[in-house]
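Each value in this text was obtained by applying a stated rule to the coordinates, not by laboratory testing. What you see is a predicted model; the values in this text were computed from it and never measured. Virtual Cβ from ideal backbone geometry, glycine too; neighbours counted across all protein chains shown.
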Amino acid sequence: MDERYDPRKIESKWQNFWEEAKLFKVKEDPNKEKYYLLEMFPYPSGKIHMGHVRNYTIGDVVARYKRMQGFNVLHPMGWDAFGMPAENAAIANNSHPAKWTYENIDAMRFQLKRLGFSYDWDREIATCSPEYYQWEQWLFLKMYEKGMAYRKESFVNWCEHCQTVLANEQVEAGLCWRCGQLVRQKKLWQWFFRITDYAQDLLSYCEKLPGWPEKVITMQKNWIGKSSGAEIRFPIENSDEQIPVFTTRQDTVYGATFMCLAPEHPLVVKLSGGTPQELEVSEFIHRISLQDRSVKAVESYEKEGVYIGAYCINPLSGIRMPIYTANFALMEYGTGAVMSVPSHDQRDFEFARKYGLEVIVVVKPHDADLDPATMTEAFAGEGVMINSGRFNGIDSVQALDDIASYLEEKGIGKKTTSFRLRDWGISRQRYWGAPIPIIHCEKCGIVPVPEKDLPILLPEDADLLEGGKSPLSTLEYFTKTPCPACGSSEARRETDTMDTFVESSWYYERYCSPNCKTAMFDREAVDYWMPVDQYIGGVEHAILHLLYSRYYTRVLYDFDLVKYKEPFTRLLTQGMVCKETVSCPEHGFLLPEEIKEAGEERLCKQCGQQAIVGRVEKMSKSKKNVIDPNILLKKFGADTTRLFCLFAAPPERDLEWSEQGVEGGYRFLNRVWRLALNWGSLIRDAKPFNGSPDQLEGDAIALFKKNHATIKKVTRDIEDRFHFNTAISAVMELVNTMYGIGFTEKNPQNIEVIRLSMESVALLLSPIVPHFAEELWEALGFDTSILLASWPSYREDALIKDELLIVVQVNGKLRSKFHVDADADDDTLKEMALSDERVLKFVDGKPIKKIIVVKEKLVNIVV
RNA sequence: GCCGGAGUGGUGAAACUGGUAGACGCACGGGACUCAAAAUCCCGCGGGGGCAACUCCAUGUCGGUUCGAUUCCGACCUCCGGCACCA
């Protein structure tokens, strides 16, 4: 052990040692209990950012902790390597996405290794390699065969000027991010996965995920969005056709006075044809079709619609209902038609007032009357049925059921449920993704690629700059192919690639047998390792990635490829890494090097104006508040960086960056270092104390107890709730206690207690600051790695207190405290409380109503 | 707009099942060591009043339940995340 703590020296020393000894390599071992710890794999953007550091540090602590507990721990790492940034970078640098991606992977792997994470690097995968994505193509074929993958027309963002499809991210306030022109919606034939078939199952299993945070479960449930109600058919006037409508408020059906159809609804064009409204309707449809139809956008639009020149009949009230097409009706939800009840739905109410439509009240509040002429808003609450024929007078909640049954009896409707969840659109008109293995033949239509022809390799030389079509469609040699069914030479390959969420929906299975050549994964390996015991990642993935993964797992289950339905037993969603922003009124956000410190003030280096310290926000390039982990590694080393990430906040909360906080962590490690140094050979040559507390003298008793209490606290903090911040502060307290003893101890047994505590510090810190702990372990005279040591255990007899601190309250306010023997009973406590001077002062002779005694804690006197 | 979450000293946070609000750290102040500085070690540190013993106030705001509320319930305010083609 050197005089000085030098992270650079010890970190590379131990990283090399771990790598050479292959200490993190694992294989299936039926005799050992497995533990699969997974962190969300990164997109290879080129640089590790603090969010990665935090995520992977949390995971690494758990992995190392579980190894010390004796588990066979699978802890892999790989790359979510397909995606848009690679294409953008390739266009910007006139390079190739593959080159950019693989270079980034190399750079990031290097950085991760420097952080000392305990990955089994032999299992590394990159999703852009054909060995990976061919199996995704294989499963796609199976899904197509079973009807789980299908094609339908659907909208994309389209920039007419650039002749290209845009991702939502590339649309800024309705305008194209490159040229600034208005973005419109364009209909394309696209591929979908039928996730809605699994809506109920995905929902039901939400109750069977006790290891998931409550908030994620709630978000998933709301996303799936089950609602119970009824489907009612409204006959169209002078026609045999009917409009099916889904509603959750069938109790208000007598109040339905008009009908709203989604602009995409096929009946809109059909019914308006030949009417005076035909032109107006088609103009409306055209105008709406150019707009963003996402729920978020639609919610923000002014509600509008047009009459389409036809009526339908309310099947219960017999009222003639004018049919409108309206911008708020969505084809994707329910049946694409809304029965509008202006009296009891605020949106319908506003629409009716705007277009002068009839309002009929059918549910009356218990304590008031409603007049349709003077109402200023809809009444959405529960009440008593009126104007509803045979249902008048009954409670509206009861009517939900009664009316649904009546509709079923009459054959004009049925009870049903509806989901908000929509099918998963997986088509991307982009280059850098897995090609969809389908061939379009003029004669045979859609023909799947025969399994023997897989993989369909992504060609290397697509022109990304040529707009207008998918980049792949410009490659004649790729698209032109004989039809596998009829042999016609006129067939063409599908040029869409798959959504990158498909790759991230099964990578955790691939890790189990990353080099498997004959299947997606080796069945035995997956049976051993899966499901993932602990998954860790950003809360921003709480819905999409996690739901898609749960769905994909069900598909694998239905093909009998796996024996479980849920891939992740426990989930930890970590908060973001944030930092304050600094901006100049003239030059916008400022980088740290663009700021001049002048006493208390900060000035913009360019113009000298006073800089404004803004909000603490998520680190992002655009806000210029990013901290590069590389700088930390250079300045403080991996251990300090890791320590700070864990100490500054509990994992689920946002973490605010603080340079001074990092220095604090560094100081703590130095403090431990000096402690070991000061005791020197005295503790190295001692053996750890293993006796009972009554053999000890002086401060050593307190240290002995503190040692065991610390082990207990740290173990529970990590095991129960991943609160590493309090685990670390407990170790700090132990270290402070050791400092309190001084370095002059002569009693050999007391030296043994110090030795014991020093070992505890090394062991308890080893998952958190692994290089540092190895060095400490070596300094204590061990000649094997601390990784091979077991997690320490505590002695119950060291936790027993012989004196308790009792708090005395009067009317719930703290008035006094006293110490008492641990075995004192309730009556003794009462007596002692009542004879306390300070307590008597507040009781002040007033009659005592009640005395509450909480065991071993407090006495509350109520006067 | 809809869905979800968070709000505690100067500051990051702690208080695990309703029972001493502020552990541990940072910043700051004081002391020791030093020719001096840095580093280190020790002490103090929510706010108001008081020489002091002590006392009053305080967990975003307002109300409720309770002997007792940071913790449970209701309303509101502010900030953050997701909203289906960013990953």
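Between A:S620 and A:I446, residue separation times 0.36 nm minus the direct Cα-Cα distance comes to 58.2 nm.
Report relative contact order for the range A:739-835 in percent, whole number only (criteria: Cα-Cα under 8 Å, sequence separation at least 6).
The normalised contact order for the range A:739-835 reaches 15 percent.
As a proxy for reagent exposure, ranking A:I394, A:I10 by other Cβ atoms within 10 Å from fewest up yields A:I394, A:I10. Of all aspartates and glutamates in the structure, the ones whose alpha carbon falls short of 13 Å from that of A:K34, not counting any fewer than 8 places away in one chain, are A:D527, A:D533.
Look at the alpha carbon pairs under 8 Å that are at least 6 residues apart: their mean separation over the length of the range A:343-493 gives a relative contact order of 14 percent.
Pairs from the list A:K99/A:K624; A:K13/A:K635; A:K25/A:K215 with a Cα-Cα gap above 29 Å: A:K25/A:K215.
Shown is the FRET efficiency for A:V862 and A:D654, computed with R0 = 35 Å from the Cβ-Cβ distance and rounded to the nearest 0.05: 0.25. Stokes-Einstein diffusion of chain A at 25 °C, 0.890 mPa s viscosity, Kirkwood radius from Cα pairs, rounded to a whole number: 75 µm²/s. Label-to-label distance for A:E283 and A:Y301 is 1.7 nm, based on points extended 7 Å past Cα in the beta-carbon direction. Restricting attention to the range A:684-753, lysine pairs at least eight places apart or on different chains and with alpha-carbon atoms under 19 angstrom apart total 4. Bridgeable lysines around A:K850 (alpha carbons under 21 Å apart, same-chain partners fewer than 8 residues away excluded): A:K813, A:K817, A:K830, A:K841. Could you pull out which residues in the range A:640-673 have an amide N less than 15 Å from a spot 7 Å beyond the Cα of A:K47, following the Cα-Cβ vector? Answer for this model: none.
Considering only A:A378, A:I105, A:I10, the residue lying farthest towards the positive end of the dipole of chain A is A:I10, judged by Cα position with unit charges set on Cβ. Between A:R184 and A:H819, the contour length at 0.36 nm per residue exceeds the alpha carbon distance by 221.1 nm. Dipole magnitude for chain A: computed about the Cα centre from +1 point charges on Lys and Arg Cβ and -1 point charges on Asp and Glu Cβ, it is near 560 debye. Here the gap between A:R667 and A:F782, fully extended at 0.36 nm per residue and compared with their Cα-Cα distance, gives a gain of 38.9 nm.
Name the residue farthest towards the positive end of the dipole of the range A:224-278 from the options A:P235, A:Y254, A:S272, assuming +1 on Cβ of Lys and Arg, -1 on Cβ of Asp and Glu, about the Cα centre. Of the options given, the answer is A:Y254. Of interest is the spacing of the C-alpha centroids, which for the range A:233-265 and the range A:384-454 amounts to 16 Å. Fewest-first ordering of A:F155, A:F41 by other beta carbons within 10 Å of each residue's beta carbon gives A:F155, A:F41. Note on A:S118, A:S282: ascending count of other Cβ atoms within 10 Å places them as A:S282, A:S118, the fewest first.
Once Rh for the range A:42-86 is found with the Kirkwood sum over Cα pairs, what is the Stokes-Einstein diffusion coefficient at 10 °C and 1.306 mPa s, in µm²/s? My calculation gives 130 µm²/s for D.
In this rough spin-label picture, where each label sits 7 Å from Cα along the Cβ direction, the A:D453-A:S204 distance is 3.9 nm. Normalised by residue number, the volume inside the convex hull of the Cα atoms of the range A:636-714 is 137 Å³ per residue.
With +1 assigned to the C-beta of every Lys and Arg and -1 to the C-beta of every Asp and Glu, and no other charges, what is the dipole magnitude of the range A:679-767 about the Cα centre in debye, to the nearest 20?
120
The label point for A:F559 and the one for A:E409, both projected 7 Å from the Cα toward the Cβ, are 5.0 nm apart.
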